[in-house]
Ligand SMILES: [Cu+2]
């Protein structure tokens, strides 16, 4: 009986968590092994709509990190151009995510993001490649 109660408790916890879990729209890893997760307010990502991202930076133990600096640049390497806008991190949200405002893509195809951050005085970079339909 005890096992049954424990099992049902475990199951209900799993389901409770499953409802909250949302997979990032984009993710990557920095040179120093930090995880970058991007949750887009426009999901799935598509072109020609200005929108915001929530950017989460985690250490190896999945603890959310507070950074000294965070900048995100993007472009299409094959076309040799950047983003049509200059997205900016404007605030840090209550859950520890950074709000990046002013994201817009104007072409379908292969895009590349460059995430530049500073943590404890050390600079770190992640490159994230993705295709937009
Ligand atoms: Cu292009």
- In this structure, does residue 33 turn out to be over 27 Å from residue 104 (Cβ atoms) and either at pLDDT 95 or above or in contact with a helix residue (DSSP H, G or I) (Cβ under 7 Å, 6 or more places away or on another chain) (or both)? yes
- Note on the structure: Checked the stretch 24-42 for anything over 13 Å from residue 97 (Cα atoms) and assigned to a strand (DSSP E or B); matches are 26, 27, 28, 29
- Query: In this structure, does residue 85 turn out to be out of contact with any helix residue (DSSP H, G or I) (no Cβ under 9 Å at 6 or more places or on another chain) and assigned to a strand (DSSP E or B)?
  - Reply: no
- Query: Tally time: how many residues in the stretch 47-81 are assigned to a loop (DSSP other than H, G, I, E, B), in contact (Cβ under 8 Å) with a residue 24 or more places away in the chain and closer than 20 Å to residue 99 by Cβ?
  - Reply: 6
- Message: Given the criteria within 16 Å of the ligand (Cβ to nearest atom) and under 21 Å from residue 130 (Cα atoms), does residue 45 qualify?
- Response: yes
- Of all residues making up the stretch 110-125, the number that are loosely packed, with under 14 Cβ neighbours inside 10 Å and either assigned to a loop (DSSP other than H, G, I, E, B) or out of contact with any strand residue (DSSP E or B) (no Cβ under 6 Å at 6 or more places or on another chain) (or both): 4
- Would the stretch 70-83 turn up any residue that is farther than 19 Å from residue 110 by Cα and modelled with pLDDT of 95 or more? yes
- Among (1) in contact (Cβ under 8 Å) with a residue 12 or more places away in the chain; (2) within 16 Å of the ligand (Cβ to nearest atom); (3) over 17 Å from the mean Cα position of the chain (by Cα); (4) surrounded by fewer than 16 Cβ atoms within 10 Å (Cβ to Cβ), which single condition is residue 132 missing? (3)
- Query: residue 47: touching a strand residue (DSSP E or B) at 6+ places or on another chain (Cβ under 7 Å), at pLDDT 55 or above and more than 23 Å from residue 95 (Cβ to Cβ), yes or no?
  - Reply: yes
- In the stretch 95-107, residues that are surrounded by 13 or more Cβ atoms within 10 Å (Cβ to Cβ) and either more than 14 Å from the chain's Cα centre (by Cα) or outside any strand (DSSP E or B) (or both) total 6
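The values are calculated or read from the model by the stated rules, or taken from the named source; none is laboratory data. These numbers were taken from a predicted model, which means no experiment stands behind them. Methodologically, a virtual Cβ is constructed for each residue, glycine included, from the backbone with ideal geometry; neighbour enumeration extends over all protein chains shown.
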